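Here the structure is laid out as structure tokens; the discussion comes afterwards.
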Amino acid sequence: KEQKDFVRKVSAGCRISFFLSFAAVKYRDWLSCGRGKLTARERILLLLDPDSFDEYDMFVEHRCSDFGMDSNKNKYPGDSVVTGRGRINGRLAYVFSQDFTVFGGSLSGAHAQKICKVMDQAAMVGAPVIGLNDSGGARIQEGVESLAGYADIFLRNVLCSGVVPQISLIMGPCAGGAVYSPALTDFTFMVKDTSYLFITGPDVVKSVTNEDVTQEQLGGAKTHTAVSGVAHRAFENDIDALLNLREFFNYLPLSNRDPAPVCECHDPSDRLVPELDTVVPVESTKAYDMLDIIHSIADEREFFEIMPSYARNIVVGFARMNGRTVGIVGNQPKVASGCLDINSSVKGARFVRFCDAFNIPLITFVDVPGFLPGTAQEYGGIIRHGAKLLFAFAEATVPKITIITRKAYGGAYDVMSSKHLRGDANYAWPTAEVAVMGAKGAVQIIFRGKEANAEAEYVDKFANPFPAAMRGFVDDIIQPSTTRVRICHDLDVLASKTQSSPWKKHANIPL
Amino acid sequence: MGIRTVAIHSDVDANAVHVKMADEAVCVGPAPTSKSYLNMDAIMEVIKKTRAQAVHPGYGFLSENKEFARRLASEGVTFIGPDTHAIQAMGDKIESKLLAKNAKVNTIPGFDGVVKDADEAVRIAREIGYPVMIKASAGGGGKGMRIAWDDEETREGFRFSSQEAASSFGDDRLLIEKFIDNPRHIEIQVLADKHGNALWLNERECSIQRRNQKVVEEAPSTFLDPETRRAMGEQAVALAKAVKYSSAGTVEFLVDSSKNFYFLEMNTRLQVEHPVTECITGLDLVQEMIRVAKGYPLRHKQTDIPINGWAVECRVYAEDPYKSFGLPSIGKLSQYQEPLHVPSVRVDSGIQQGSDISIYYDPMISKLITYGSNRAEALKRMEEALDNYVIRGVAHNISLLREVIVHPRFVQGDISTKFLPEVYPDGFKGHKLTDLERRELLATAASLYVAEQLRSQRFLGTARIPVAKSKRSSWELSVRLGDGIYPVAVSKDGSSFSVEVDGMKLNVTSEWNLASPLLSVTVDGTQRTIQRLSRNASGDTNIQFLGTVYKLQILTKVAAELSKYMPEKAAEDTSSILRSPMPGAVVAVSVNPGDTVSEGQEICVIEAMKMQNSMIAAKTGKVKAVHCKAGDTVGEGDLLVELE
């Protein structure tokens, strides 16, 4: 017992001395001086429940002996990353937090080994991995050892993919090989103004392509959330990001072995939503905001949107229905009429695949006039990219509920979680128009403009949900105000859904 | 009454409440009023098509249009209102005053004629003596009314009023008269039939106004004694009889501090604020109007008209009260719930959850009326009703209304039409919290935060990896409210919270239903209804408390301490840019890039909801860029002009 006590004292002492001795105060000043960054440990403190962090490998040191690295002043216990496990709202999560104050957070062999250890355990136990990235890149002094470290992490990212959710929060620079670990994870979040992601920095860009570009323009939060689609969302500062991450974590199941979490919910599942009866404008060319619909049916109007500034013609994100996490996909008529193009197809496909991998039911709101025509799209490979969304919806075996609010035209109708792609509950609002195309175009093709009344006839015949309902392609035409009730009932029933696809090593999604 | 009804509506009102309530509904045109609700041809067409026998014109639009009444008469359709002669006589400000004089009704001194141009306006104004009031002859209420204190303001007033008169009424005649400083606005409701009988149904006090439009009305008035009331009522009836008035009408008076009253005008229609009269007299004015139109004699005698209790009406507007007591706001009502569960409350509204408040029409959301056996009771219920009114998605003036009805001057009845500018000389800034109220707010907000935190740890169903049960029972928080940061300690005490703030311990209990828009919270025995408008993961919480919305940020003590290391985001310099304070249409732009403007100079004019607003330069400088042109539609906060 005495021995045990001794060990405990030593370890506690180490912890405290580590925390203090590690020049925390000095680095604190250095970090906060205009940089607006927290230390690696402060970040963990905010991310996890109080007193829930159990640290691993605090005594690990780097093993490099070249370039004077073996001198005592170049050895830091724990090296440039803090790893361990803890709880977020009581639920288990594995965490690593890179420490920029130690060799710029650079990745040594020991650093990589620490990260791999928590990832291995996370995969084994079945709990998510959260990475707080803040690293200058490879530990150049270590050379190939560092590269091997990256590859070890990449491999684990890939093996964990679809097994446990992996989240990256970029809280500083992340350049070169380091960017591929976040890229392999399920979600990449960034902090505005202090985080960057790029393959090569502005100096190299200048020397290679002669482009003048700032760090922010090249790989800042704005670039990656609005232009490249690399990051899924950006937050104001470190604290804002970590608090939002806690909230986001509550939407996720711990692993692919767990069902979507169900939280205590105060919003009645049988709540009618009267405003939905009038939300779709009378003129079918007029836009409305799909987010209005999503907010009004979701529990407490809460919707955690993923990629809100990228490919805004499709809306994806998480909400809860009667407490249960659901993934929501909706065409956004307000932006580019809600058409599907390359970016929106890829954005939607990746989200659908995440939900399918982690047992999160999918709710799809359809108002799509079709795929976007034009040379830019065709040359860009809209066929190949559009196929990704089709593939993702077709292969998904989680509960799939679809509501056609207005237009469901052409191939895009098929793509958007239609009955034909194993939709479980497909509904149409009375305003739905399920047709091969808009009346004007259809009449031009059928009659070559010779029939005067043909357009009205086409509208009568197809610009309504009945042809689809008569064939059983939609299960019911529902009063929009009852949408929330219907979805909640369906989710209760579909919770026990089982569906499987033929055996395969893995599918071959058109990448 | 068993009468089948037809509603008319414009394109954008196709889903409006009145359309749903009517037996039939017909669209009369696109959104702009001149093409729909003022489009007589279209409306006459609907009347013919539906074979309507009578038309109730409501208030506003064509309700005081003699041409419309005449056209109806020629088609043999009953106009539910007075006959054309009375509309014409009272609709014309000059003729009405002459008639009033002849009927021995007190009229305002210094009254004069119709105006042709700005120079004539100045000449007339000088003859009367400043200050003068300029308004459209055809317009009722305060629309198009401006006060001028000198020649320059007269010219400006002339320009604005004539433009507004033209755009709103299609009639650019103006009226200039002596402006009585600091008056009360009290009006008498009259009801007359086609058999020469007329009654006065007591008064309505409508002194609380902003920009000459009524905001809070009540009946009876605290100011009138029975003698003055009778004198006013009898003069009003005399005037009604003089014009052979039939139907319901309102005679407006200005009453000065010595209870002298002057005839202002007669509104030959139902007034917006008629419900307060209905509450205290028990009469249904619309029903009486329909009976009179049918030709029935009045059912009541003057001695039958009581004053039962007290009624107060608040006009709930979609507007931002922090900008000159209310600038229009537009948007979709994402949540809307009327306080009908509060006793003795009546809400007259034409909108519902999901409705759009558009730039085309008056931004009124509803009329909120409460009734009580005495004034204090009616006001207490109004307070409760305002707290229980859920309006989300647009700015609204609940905060202003609630402040007015609890203000000591209002409670004592010490009011005038200048009430708002006198009580809030620097503009309305919302409720000012007392120390105790601030503690209550902080305690409530902190308790809500903890309740939310506790809930986010409660997962239903069994988990493969058990959820760690938190044994935590106390929280150290830091709450930012305005410029202050307050440490708040919360500890859980059974189902309630014990909160320590400013060294004081408060007990907070509630059901903590975090989804309900209304939350009943008891802090140390004081029960209040609050509304949590929004929250996010970053700790930002907006709470409507005592009518006013407070922005709070709630963080744990640890997060708050670390947040001092976070960089401050630079704020925009607003003196060199001009943004639209509200959504609307640009009527005129008076500057070009490169022009030099002086502080206070007009840069452009924005029209919203039939009101023109002059945008002025905040500083002297050179115009760098103009981002709008006449005819553009702009949203709130849109950049209009940049200065160098």
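Only protein heavy atoms count here; under a 1.4 Å probe, residue B:595 has an accessible surface of about 50 Å².
Spacing of the modelled spin labels on residue A:384 and residue B:520, each 7 Å from Cα toward Cβ, amounts to 6.4 nm. Each Cα pair under 8 Å and six or more residues apart adds its separation to the average, and for chain B the resulting relative contact order is 9 percent.
Counting Cβ atoms of other protein chains within 10 Å of each Cβ in A:120-129 and taking the mean gives 1.
Computed from Cα positions, the angle between helix A:109-125 and the longest principal axis of chain A comes to roughly 50 degrees.
Quantify, in whole percent, the carbon and sulfur part of the accessible surface of the protein assembly as shown (1.4 Å probe; protein heavy atoms only).
Details: 25730 of 48770 Å².
Carbon plus sulfur share of accessible area: 53 percent.
Peptide B:555-564 shows a mean partner chain C-beta count of 4 within 10 Å per residue C-beta.
Among residues other than residue B:235 whose Cβ falls under 13 Å from its Cβ, what is the net charge (Lys/Arg +1, Asp/Glu -1)?
0
Note that the range B:379-384 has calculated 3J(HN,Hα) couplings of 5, 4, 5, 5, 4, 5 Hz, one per residue in order, obtained from phi through the Karplus relation 6.51 cos²θ - 1.76 cosθ + 1.60 (θ = phi - 60°); glycine and proline are x. A Förster radius of 41 Å, combined with the Cβ-Cβ distance separating residue B:4 from residue B:376, puts the computed FRET efficiency at roughly 0.45. Where a ≥ b ≥ c are the square roots of the eigenvalues of the C-alpha gyration tensor, would you call the range B:351-449 rounded, which needs a/c under 1.5, or, failing that, prolate if a/b is larger than b/c, or oblate? Rounded. Relative protection proxy for B:299-311, B:283-295, A:311-323, from highest mean packing down: A:311-323, B:283-295, B:299-311 (other beta-carbon atoms within 10 angstrom).
Per residue, the accessible area of chain B comes to 42 Å² when a 1.4 Å probe rolls over the protein heavy atoms.
A cut-off of 5 Å between modelled amide H atoms, ignoring neighbours fewer than 5 places along the same chain, links residue A:196 with A:172, A:174. A 1.4 Å probe, protein heavy atoms only, puts the accessible area of residue B:56 near 70 Å². Compared with the dominant Cα axis of chain B, that is its longest principal axis, helix B:285-294 is turned about 30°.
Just want to confirm a number: the relative contact order over the range B:159-288, from Cα pairs under 8 angstrom separated by 6+ residues, in percent.
Working: 211 pairs, mean separation 31.8, N = 130.
The normalised contact order for the range B:159-288 reaches 24 percent.
With helices as the sole contributors, chain A gives -11000 deg cm²/dmol at 222 nm; each DSSP H run of n ≥ 4 counts as -39500 (n - 2.57), and the sum is divided by every residue. For the peptides B:429-442, A:482-495, the ranking by mean Cβ contacts within 10 Å, running from highest to lowest, is A:482-495, B:429-442. Of A:282, A:311, A:297, which is farthest on the positive side of the dipole of the range A:248-361, counting Cα position, with +1 on Lys and Arg Cβ, -1 on Asp and Glu Cβ, and the Cα centre as origin? My answer, from the dipole projection, is A:311.
Does the range A:273-378 come out rounded, prolate or oblate by the C-alpha gyration tensor, with a ≥ b ≥ c the root eigenvalues, rounded set by a/c under 1.5 and, if not, prolate when a/b is larger than b/c and oblate if not? Can you show the working numbers first?
Details: a/c = 2.40, a/b = 1.15, b/c = 2.09.
Taking the square roots of the gyration eigenvalues as a ≥ b ≥ c, the range A:273-378 is oblate.
Rounded to the nearest whole Hz, the Karplus-based 3J(HN,Hα) values (6.51 cos²θ - 1.76 cosθ + 1.60, θ = phi - 60°) of the range B:5-10 follow the sequence 10, 10, 9, 10, 8, 8, with x at glycine and proline. Ligands, DNA and RNA aside, residue A:339 has an accessible area near 10 Å² when probed at 1.4 Å.
If only the Cβ of Lys and Arg carry +1 and only the Cβ of Asp and Glu carry -1, the dipole of the range B:1-121 around its Cα centre is close to 420 debye. Shape of the range A:432-511 from the C-alpha gyration tensor: oblate (a/c of 1.5 or more and a/b not above b/c, with a ≥ b ≥ c the square roots of its eigenvalues). Under 5 Å from the amide H of residue B:548 lie the amide H atoms of B:431, each residue being 5 or more positions distant or on a separate chain, with H modelled from the backbone and absent for Pro and chain starts.
Residue by residue, the range B:22-28 carries 3J(HN,Hα) couplings of 6, 5, 9, 9, 10, 7, 10 Hz when phi is fed to the Karplus relation 6.51 cos²θ - 1.76 cosθ + 1.60 (θ = phi - 60°); x denotes Gly or Pro.
For the residue pairs B:48/B:294; A:75/B:569; B:35/B:629; A:400/B:20; A:347/A:505; A:497/B:20, the C-alpha atoms sit more than 30 angstrom apart in A:75/B:569; A:400/B:20; A:497/B:20. Take the Cα of residue B:294, go 7 Å toward its beta carbon, and the backbone nitrogen atoms of the range B:3-25 under 20 Å from that spot belong to B:3-7, B:22-24. Near residue B:488, the amide H atoms lying under 5 Å from its own belong to B:477, B:478, B:479; only residues 5 or more places off or on other chains count, and H is placed 1.01 Å from N. Under the criterion of Cα pairs below 8 Å and six or more residues apart, the relative contact order for the range B:164-221 equals 23 percent. Peptide A:192-198 shows a mean partner chain C-beta count of 1 within 10 Å per residue C-beta. Label sites at residue B:485 and residue A:163, each approximated as a point 7 angstrom past Cα along Cα to Cβ, lie 4.4 nm apart.
The values are calculated or read from the model by the stated rules, or taken from the named source; none is laboratory data. Just so it is clear, the model here is predicted, and its values are computed rather than measured. Note: ideal-geometry Cβ built from the backbone for every residue, glycine included; neighbour counts use all protein chains shown. Ligands, DNA and RNA are stripped out before the accessible areas are found, and what is left, the full protein with its side chains, is counted by its heavy atoms. Shrake-Rupley method; radii C 1.70, N 1.55, O 1.52, S 1.80 Å.
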